[in-house]
Amino acid sequence: MSMVYLIGAGPGDPELITVKGMELLKQCDAVIYDRLGTYQLLEYVPEHCEKIYVGKQAGAHYKKQSEINEILVKAAREHEMVVRLKGGDPFVFGRGGEEAEVLLKEGIPFKLVPGITSAIAVPETLGIPVTHRKVARSFHVITGHTMEDELSHIQNLEGTSVFLMGLSHLEEIVTRLAKQGKEKTTPVAVISNGTLPGEQIVRGTLETIVTLTKEAKLESPAIIVVGETAGYDFYSRKTGPLTGRHIGVVGTRPLYTKLKNRLEQSGGKAYCLCDMKVVLTKQIEELEKKVSHIEDYAWIGFTSQNAISIFFEKLRNWKIDLRRLSHIRFAVVGSGTKQALEKYGFSADFMPGQYTTEAMAKELSTVMKEGERLLLPRARQGSVRMLEVLDESHISYDAIPIYDVVGKHTENMEYLPDLDSILFVSASGVEGFFEYEESKDNVRSEGRLAGHKKSYDKDSIINSIRENHVKLACLGEVTAKALKKYGLCADILPDVNDVEGLVQAVERKLKQ
């Protein structure tokens, strides 16, 4: 029997969805979503999951609730597990009650999973409390939008008033509150795109907020906070070198997670733009032949963490006794690969002074003895210059391209114009980002395939980067060289080619 879950996605930041909501999202067969606060969450649904968009389409109207209800019922009859993902909380101006009534009427089982409403979360993430002792003992959540454009429900209330969907009626809201006796000096904050890239906040008073908001050209979705607590800013003294910066990352999931954690320590927000996955090449069979005669080699060189994990996983699959590596000396390109090697119980015997593949090749010639042979499992797009240097140094080696890294754009591409910087960690990542052709599989929208989702071709990406002055950061010269193929130059290069070095370089550049 099918089951429908009405899940609150939270205010926009994907990390603010509940644990329960996330776990259900990872298991669903179909997800029905709109545009508020759901883009990044779609990364977590299973590959087979059908994505059904019911939000606003370019040049078209919002889906009527009756249409959404029909889509929800149809999906429930076609799939075993359906998630209806709604921004904020389903029962806080989310019309979740209407959808629940339809499911009840149709006899379709459903469960409700609460979400964090933007009415509380968005102000809080900017240091504004909706209640505060002796200042606001209550708060009121009020819709600023009605079908009849009537605002008679708006009253001058004690405590904090939070208006949702009210930006287009800001002037009427302010005027009505003033007529009802609200002091003109009452603090007001208007927050646009809360918890998302492009987030803006305008602070003023009941008397000045309309003019200030127009000057700032704020856009919906926006939240209006009225009351003494709107004047608070508990984050005003909490700053880091990347505070307020939004940074896109192109890399594999483990590397993205590592960069994300480090960027957030500095106050930044990270977004995965192109999810890179490691795929094995046919040459993996050649590696099996080589390691079956591992005694022919004195050295094994690793230029990436991916190569290390694949190498040792394959040794286990091929049932090769690790004691056969007792005579091997290991060379790694940098601290990241050194640490990855240690996870398998081996220490690096050599690491170059500079963390580049060219430096590794040059310095290997000073430590390898005549007659020794090097095994080099690496990426398909590994550095050509490295092999040239090995040849120039007369080093005997076997370079085997055992894996490739292919990319897939995520829903976060929607935020491209709002990013301050994009981080590329590999040449394959650069290629995957610019050359990826959007697949329409498992994405459906009534009336227009893929709904709001745009197709990001190479030219549109390049134009967006240039027009919005997005700074490009590259981990190493090889990655920067790959970027030049697309007519773009790296604005940021680290002194040390590891995650810490890259983040430090981004901090220096974006602080300027």
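Go through (1) at pLDDT 95 or above; (2) under 25 Å from L475 (Cα atoms); (3) part of a helix (DSSP H, G or I); (4) not hydrophobic (A, V, I, L, M, F, W, C) one by one and return the number of the condition S347 breaks.
Single failed check for S347: (3).
Just wondering, is there one or more residues in the range 253-262 that are modelled with pLDDT of 90 or more, over 22 Å from V478 (Cα atoms) and exposed (fewer than 15 other Cβ atoms within 10 Å of the Cβ)?
Yes: the range 253-262 contains one or more residues that are modelled with pLDDT of 90 or more, over 22 Å from V478 (Cα atoms) and exposed (fewer than 15 other Cβ atoms within 10 Å of the Cβ).
Are any residues in the range 154-169 part of a strand (DSSP E or B) and under 13 Å from V188 (Cα atoms), and if so, which ones?
Scanning the range 154-169 gives T160, S161, V162, F163.
I need the full set of residues from the range 292-304 which are open to solvent by 30 Å² or more (accessible area, probe 1.4 Å) and either more than 32 Å from the chain's Cα centre (by Cα) or free of Cβ contacts under 8 Å to residues at least 40 places away in the same chain (or both), in order please.
Result: S292, H293, E295, D296.
Considering only residues of the range 492-507 that are free of Cβ contacts under 8 Å to residues at least 24 places away in the same chain and under 15 Å from L472 (Cβ atoms), which is least open to solvent (accessible area, probe 1.4 Å)?
So, considering only residues that are free of Cβ contacts under 8 Å to residues at least 24 places away in the same chain and under 15 Å from L472 (Cβ atoms), the one least open to solvent (accessible area, probe 1.4 Å) is P494.
Can you confirm whether E219 is in contact (Cβ under 8 Å) with a residue 40 or more places away in the chain, over 30 Å from A480 (Cβ atoms) and charged (D, E, K, R)?
When the stated conditions are applied, E219 passes them.
Please go through (1) under 22 Å from T117 (Cβ atoms); (2) in contact with a Gly (Cβ under 6 Å, 6 or more places away or on another chain); (3) open to solvent by 20 Å² or more (accessible area, probe 1.4 Å) for V188 and return the number of the only condition it doesn't satisfy.
Going through (1) under 22 Å from T117 (Cβ atoms); (2) in contact with a Gly (Cβ under 6 Å, 6 or more places away or on another chain); (3) open to solvent by 20 Å² or more (accessible area, probe 1.4 Å) one by one, V188 breaks only (3).
Given the conditions (1) open to solvent by 20 Å² or more (accessible area, probe 1.4 Å); (2) at pLDDT 90 or above; (3) touching a Lys or Arg at 6+ places or on another chain (Cβ under 8 Å), report the number of the one that D34 does not fulfil.
Result: D34 fails condition (2) only.
Can you spot a residue in the range 270-285 that is more than 28 Å from V470 (Cβ to Cβ), touching a strand residue (DSSP E or B) at 6+ places or on another chain (Cβ under 8 Å) and part of a helix (DSSP H, G or I)?
The answer is yes, given that some residue of the range 270-285 is more than 28 Å from V470 (Cβ to Cβ), touching a strand residue (DSSP E or B) at 6+ places or on another chain (Cβ under 8 Å) and part of a helix (DSSP H, G or I).
V249 fails exactly one of the following numbered conditions: (1) touching a residue at least 60 places away in the same chain (Cβ under 8 Å); (2) open to solvent by less than 30 Å² (accessible area, probe 1.4 Å); (3) part of a loop (DSSP other than H, G, I, E, B). What is the number of that condition?
(3)
Are there any pairs, at least 6 apart or on different chains, whose C-beta atoms fall under 6 Å, with the first in the range 160-182 and open to solvent by 50 Å² or more (accessible area, probe 1.4 Å) and the second at pLDDT 95 or above, and if so, which?
Partner pairs satisfying both residue conditions: E171/V210.
Confirm whether V141 is open to solvent by 20 Å² or more (accessible area, probe 1.4 Å) and touching a residue at least 24 places away in the same chain (Cβ under 8 Å).
yes
Could you list all residues from the range 373-396 that are free of Cβ contacts under 8 Å to residues at least 40 places away in the same chain and among the hydroxyl-bearing types (S, T, Y)?
S393, S396
Check the range 387-403 and report whether any residue there is of a type in the set (A, V, I, L, M, F, W, C), crowded, with 22+ Cβ neighbours inside 10 Å, more than 14 Å from G248 (Cα to Cα) and within 24 Å of the chain's Cα centre (by Cα).
There is no residue in the range 387-403 that is of a type in the set (A, V, I, L, M, F, W, C), crowded, with 22+ Cβ neighbours inside 10 Å, more than 14 Å from G248 (Cα to Cα) and within 24 Å of the chain's Cα centre (by Cα).
Conditions (1) at pLDDT below 95; (2) more than 29 Å from the chain's Cα centre (by Cα); (3) surrounded by fewer than 21 Cβ atoms within 10 Å (Cβ to Cβ), marked per residue:
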site: Q200; (1), (2), (3): yes, no, yes
site: G204; (1), (2), (3): no, yes, yes
site: I209; (1), (2), (3): no, yes, no
site: E215; (1), (2), (3): no, yes, yes
site: S220; (1), (2), (3): yes, no, yes
site: Y235; (1), (2), (3): yes, no, yes
site: T239; (1), (2), (3): yes, no, yes
site: L242; (1), (2), (3): yes, no, no
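Step by step: first the residues of the range 459-481, then only those that are at pLDDT 90 or above and open to solvent by 80 Å² or more (accessible area, probe 1.4 Å), then the one that is nearest to Q354 (Cα to Cα). Which residue is that?
Among residues in the range 459-481 that are at pLDDT 90 or above and open to solvent by 80 Å² or more (accessible area, probe 1.4 Å), the one nearest to Q354 (Cα to Cα) is K481.
Determine whether the range 359-372 contains at least one residue that is within 33 Å of the chain's Cα centre (by Cα), in contact (Cβ under 8 Å) with a residue 24 or more places away in the chain and open to solvent by 40 Å² or more (accessible area, probe 1.4 Å).
no
Taking the range 411-430 on its own, how many of its residues are farther than 17 Å from G198 by Cβ, within 18 Å of the chain's Cα centre (by Cα) and open to solvent by 10 Å² or more (accessible area, probe 1.4 Å)?
2
I want to confirm something. Restricting to the range 222-233 and keeping residues that are open to solvent by 10 Å² or more (accessible area, probe 1.4 Å) and in a helix (DSSP H, G or I), which single residue is nearest to G336 (Cα to Cα)?
Filtering the range 222-233 for residues that are open to solvent by 10 Å² or more (accessible area, probe 1.4 Å) and in a helix (DSSP H, G or I), the one nearest to G336 (Cα to Cα) comes out as G231.
Taking V384, is it among the hydrophobic types (A, V, I, L, M, F, W, C) and open to solvent by 40 Å² or more (accessible area, probe 1.4 Å)?
Criteria met by V384.
Within the range 472-486, is even one residue over 15 Å from Q381 (Cβ atoms), touching a residue at least 40 places away in the same chain (Cβ under 8 Å) and under 21 Å from the mean Cα position of the chain (by Cα)?
Within the range 472-486, one or more residues are over 15 Å from Q381 (Cβ atoms), touching a residue at least 40 places away in the same chain (Cβ under 8 Å) and under 21 Å from the mean Cα position of the chain (by Cα).
Residues are listed down the side, and each one gets a yes or a no for (1) within 27 Å of the chain's Cα centre (by Cα); (2) among the small types (G, A, S):
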residue	(1), (2)
D89	yes, no
V92	yes, no
G97	no, yes
I108	no, no
K111	no, no
L126	yes, no
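The values are calculated or read from the model by the stated rules, or taken from the named source; none is laboratory data. Treat the numbers as computed from the prediction; the structure is a model and nothing was measured. Positions of Cβ are generated from backbone atoms using ideal geometry, with glycine treated the same way; all protein chains shown enter the neighbour counts. These area figures cover heavy atoms from the full protein model, side chains too; ligands, DNA and RNA do not enter into them. Shrake-Rupley method; radii C 1.70, N 1.55, O 1.52, S 1.80 Å.
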